[in-house]
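Shown next, in structure tokens, is the structure this report addresses.
Nothing in this text is a laboratory measurement; each read-out follows from the coordinates by a stated rule. These figures come from a predicted structure and were not determined experimentally. FYI the Cβ positions are ideal-geometry reconstructions off the backbone, even for glycines, and counts take in every protein chain you see.
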Amino acid sequence: MKTVKNIGLLAGLVAAGAAVGAAVGLLFAPDNGKNTRKKIADGTKDLADDFKHSMNDFKHSVEDGYKSFSRKTKNALHKTEKETEAFADSINNHTTV
């Protein structure tokens with residue numbers, strides 16, 4: 001599950017870095033107000049799309065992690081049940097002899 005947290009952190013850092021980079025670029029690029037506002041609007045839309053994709057990837061990663069954890073837990077439970085039955089049979093065989 002540590003990997004899932006790292007993926008979420010990475011997605012957040014990428015989105016924050018993109019926002020800072022876009023803002024700095026706009027501040028230092030000379031242009032008129034109308035074009036600057038359009039660039040900000042377009043940049044915000046792109047950033048929102050990137051964030052949406054990052055969160056979608058994160059969601060799939062969490063789902064995959066959950067499925068893997070669930071499968072491993074079921075396998076471990078099944079193995080434990082079999083070993084418990086074998087142990088109980090072993091005790092029963094020794095006590096009935």
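The candidate values are (i) 71; (ii) 56; (iii) 61; the one derived from this structure for percent of Cα pairs over 21 Å apart carries the label (iii). 3J(HN,Hα) along segment 32-38: 7, x, 4, 5, 5, 4, 5 Hz, from the Karplus curve 6.51 cos²θ - 1.76 cosθ + 1.60 with θ = phi - 60°, whole Hz, x for Gly and Pro. Can you tell me the orientation of helix 2-28 relative to the chain, as the angle in degrees between its alpha-carbon axis and the longest Cα principal axis, to the nearest 10? The angle comes out at about 0 degrees.
Taking Cβ atoms as reference points and 12 Å as the exclusive limit, the residues near TYR66 contribute a net charge of +2, counting Lys and Arg as +1 and Asp and Glu as -1. Charge dipole (Cα centre; +1 on Lys/Arg Cβ, -1 on Asp/Glu Cβ; no other charges) of the chain amounts to roughly 360 debye.
Across the options PHE51, ILE7, VAL20, the greatest Cα extent toward the positive end of the charge dipole of segment 2-96 (unit charges at beta carbon of Lys, Arg, Asp, Glu) belongs to VAL20.
When the helices in the chain are scored as -39500 (n - 2.57) per DSSP H run of 4 or longer and the sum is shared across all residues, what 222 nm value do you end up with, to the nearest 500 deg cm²/dmol?
-35000 deg cm²/dmol
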